[in-house]
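Take a look at the structure below.
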Amino acid sequence: MKLILEQLAMIAASDAAAWLLNPAHEESACELSLSDYRSNWRRELIIDRSFIDEGIRWIVDYKSSLPASGQSREAFLAQEGERYRPQLEAYSGIMQVFDPLHPVRPALYFTGL
């Protein structure tokens, strides 16, 4: 519980989180559920956050994981980026079908960083 409260306090104090969570963004959506039928079977995807800002469709996946003890922030971010690359690529691919007019920018948001 302590970790959750600490992360919520960090989010509340973050300018980046304020921008990310701003409900005034064009096509702002949370927990956006999309169905992908392109591979002859149905795949359900739930995108944590999506919106359009300055002509770019943002797709954001929230993560609460933290670097391991002694692990640098840079190494952690590189590791997690690779770990979640397939998930973000799937989100980007389906969003390009639903919204072909905007370039897609996928991102991870680490609530504890």
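The values are calculated or read from the model by the stated rules, or taken from the named source; none is laboratory data. Please read these numbers as outputs of a predicted model, since none were measured by experiment. Positions of Cβ are generated from backbone atoms using ideal geometry, with glycine treated the same way; all protein chains shown enter the neighbour counts. Quick note on the areas: whole protein, heavy atoms, side chains included, nothing else; ligands and nucleic acids left out. Shrake-Rupley method; radii C 1.70, N 1.55, O 1.52, S 1.80 Å.
Structure notes:
- Spin-label pair Asp48/Ala17, simplified geometry with 7 Å Cα→Cβ offset, distance in nm: 1.2 nm
- Here the translational diffusion coefficient of the stretch 48-91 follows from Stokes-Einstein with Rh set to the Kirkwood radius across Cα pairs; for 20 °C and 1.002 mPa s it amounts to 178 µm²/s.
- Cβ-Cβ FRET estimate between Gln7 and Asn40, R0 fixed at 35 Å, reported to 0.05: 0.30
- Cut-off 13 Å between beta-carbons: net charge of the residues surrounding Leu77, Lys and Arg +1, Asp and Glu -1: +1
- The chain - percent of accessible surface contributed by carbon and sulfur, probe 1.4 Å: 57 percent
- Between helix 2-12 and the chain: long-axis angle, C-alpha atoms, 0 to 90°, nearest 10: 70 degrees
- For the stretch 14-103, applying the loop criterion from DSSP together with a ceiling of 11 other beta carbons within 10 Å to the chymotrypsin sites (Phe, Trp or Tyr not before Pro) yields Tyr37, Trp41.
- Here the mean projected area of the convex hull built on the C-alpha positions of the chain is 8.3 nm².
- Restriction of the GluC sites (Glu not before Pro) in the stretch 38-113 to DSSP coil positions whose beta-carbon has at most 16 other beta-carbons within 10 angstrom yields Glu54.
- Per residue value of the accessible surface for the stretch 12-112 (all protein chains in place, 1.4 Å probe), Å²: 60 Å²
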